[in-house]
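**Q** Take this structure, written in structure tokens, and hold onto it; I'll ask about it next.
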């Protein structure tokens with residue numbers, strides 16, 4: 001069994017070395033992780049199996065989430081709405097405005113509004129169950145299993161000054177993942193290493209719907225309606241691998257390969273999209289029974305080491321648990337400060353920023369995230 005465990009770990013490491021190309025992964029993240037700077041690879045949470053399927057092994061008994069209703073709103077939505085609401089008539093009758101008013105609107109759009117990140121993400125229901133451990137191999141081998149559905153509607157818009165009339169770009173993507181996570185406790189570790197180790201796999205069916213409309217005039221945008229025939233519909237199959245090494249009650253380490261050997265999504269128009277493998281490393285440290293610190297690096301590439309782009313892959317944070325009634329969270333999400341809280345496990349909130357460009361500090365998108373959850 002020791003030889004099998006060592007061989008499996010070696011295969012995962014060697015396979016990951018050649019699969020660093022960036023893809024377009026499904027990005028469904030938990031509000032708890034957002035508050036902790038995005039660190040969710042080594043810490044249990046509502047969407048823990050999406051970060052690392054081996055985290056399933058840290059649970060005991062039967063768990064069921066009946067519903068989860070997350071919503072993420074970019075901070076610039078409110079600014080965009082205020083601008084459009086105040087100038088709606090002038091924009092819709094733009095060609096009838098005098099030259100001075102047209103120039104004033106175009107200058108404001110060019111200097112300010114084009115920088116707004118208008119984005120909305122909504123999830124619906126997101127039920128899941130998990131159970132274990134069950135005896136599997138020998139005295140110490142154990143296995144956990146689960147099922148879950150995770151979905152997200154991701155909608156965005158951008159206003160452009162245009163040559164004559166202001167225009168709007170609109171895009172939307174719906175991702176739905178049906179997952180079956182499995183986790184296994186490795187009975188014994190090689191070389192008499194201390195602690196415990198777990199391996200996990202997440203089998204998943206991915207459905208994706210995409211739509212975009214670019215350079216619509218503001219006249220078109222005011223009466224905008226999505227034509228179903230223009231929506232691209234696709235599906236694919238994939239799997240994630242994860243390892244969890246619990247060195248002690250304080251230290252835990254993780255290694256994850258998402259979309260192992262790539263996940264191909266085929267669309268109804270005979271086009272396809274390949275989500276490349278992403279590799280991540282993480283750790284968590286229980287400073288006290290109430291304070292947990294965590295950090296991770298996602299989508300690691302050798303080229304990032306020693307470069308500024310490394311910081312866009314870095315996620316750091318911590319949580320203070322006040323008797324499971326109130327949880328306070330804070331961290332650094334890709335270098336930007338984040339914070340959040342959880343109340344009675346029912347209501348969660350986070351404020352964070354994600355970097356939209358390749359380099360840190362260049363193009364942040366600030367977001368508010370809310371979530372209501374019912375489960376047992």
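The values are calculated or read from the model by the stated rules, or taken from the named source; none is laboratory data. What you see is a predicted model; the values in this text were computed from it and never measured. All Cβ positions, glycine included, derive from the backbone under ideal geometry; neighbour counts span all protein chains shown.
**Q** Within the range 287-309, track down each residue that is surrounded by fewer than 21 Cβ atoms within 10 Å (Cβ to Cβ), under 26 Å from residue 202 (Cα atoms) and at pLDDT 90 or above.
**A** Within the range 287-309, 293, 297 qualify.
**Q** Please go through the range 150-187 and pick out each residue that is out of contact with any helix residue (DSSP H, G or I) (no Cβ under 9 Å at 6 or more places or on another chain), over 14 Å from residue 204 (Cα atoms) and in a strand (DSSP E or B).
**A** 152, 153, 154, 155, 156, 169, 171, 172, 173, 174
**Q** Inspect all residues belonging to the range 117-136 and state whether any of them is in contact (Cβ under 8 Å) with a residue 40 or more places away in the chain and part of a helix (DSSP H, G or I).
**A** No - not one qualifying residue is present in the range 117-136.
**Q** Still on this model: Restrict the check to the range 198-205 and report whether at least one residue is over 25 Å from residue 130 (Cα atoms), surrounded by 19 or more Cβ atoms within 10 Å (Cβ to Cβ) and either touching a strand residue (DSSP E or B) at 6+ places or on another chain (Cβ under 8 Å) or at pLDDT below 95 (or both).
**A** no
**Q** Condition (residue is in a helix (DSSP H, G or I) and out of contact with any strand residue (DSSP E or B) (no Cβ under 7 Å at 6 or more places or on another chain)) applied to the range 284-303: is it met by at least one residue? Even if it seems obvious, please write down each step before you answer.
**A** The initial filter retains those residues of the range 284-303 that are in a helix (DSSP H, G or I), namely 302-303.
Okay, now just the ones that are also out of contact with any strand residue (DSSP E or B) (no Cβ under 7 Å at 6 or more places or on another chain), so 302-303.
Yes: the range 284-303 contains one or more residues that are in a helix (DSSP H, G or I) and out of contact with any strand residue (DSSP E or B) (no Cβ under 7 Å at 6 or more places or on another chain).
**Q** A further question follows. Take residue 277 and decide whether it is surrounded by 21 or more Cβ atoms within 10 Å (Cβ to Cβ), within 19 Å of the chain's Cα centre (by Cα) and closer than 27 Å to residue 49 by Cβ. Break it down into steps so the answer makes sense when it comes.
**A** On the way: surrounded by 21 or more Cβ atoms within 10 Å (Cβ to Cβ): yes; within 19 Å of the chain's Cα centre (by Cα): yes; closer than 27 Å to residue 49 by Cβ: yes.
Against the criterion (surrounded by 21 or more Cβ atoms within 10 Å (Cβ to Cβ), within 19 Å of the chain's Cα centre (by Cα) and closer than 27 Å to residue 49 by Cβ), residue 277 qualifies.
**Q** Sticking with this structure for a sec: In the list 61, 132, which residue meets the criterion of being exposed (fewer than 12 other Cβ atoms within 10 Å of the Cβ), on the phi > 0 side of the Ramachandran plot and touching a strand residue (DSSP E or B) at 6+ places or on another chain (Cβ under 8 Å)?
**A** 61
**Q** So, of the residues in the range 41-59 that are free of Cβ contacts under 8 Å to residues at least 40 places away in the same chain and not in a helix (DSSP H, G or I), which turns out to be nearest to residue 152 (Cα to Cα)?
**A** That would be 45.
**Q** Here is a follow-up. Given the conditions (1) in contact with a helix residue (DSSP H, G or I) (Cβ under 8 Å, 6 or more places away or on another chain); (2) part of a helix (DSSP H, G or I); (3) in contact (Cβ under 8 Å) with a residue 40 or more places away in the chain, which single one is not true for residue 90?
**A** Checking residue 90 against (1) in contact with a helix residue (DSSP H, G or I) (Cβ under 8 Å, 6 or more places away or on another chain); (2) part of a helix (DSSP H, G or I); (3) in contact (Cβ under 8 Å) with a residue 40 or more places away in the chain, the one that fails is (3).
**Q** May I pose another question? Hey, can you tell me all the residues within the range 262-274 that are assigned to a loop (DSSP other than H, G, I, E, B) and within 19 Å of the chain's Cα centre (by Cα)?
**A** 262
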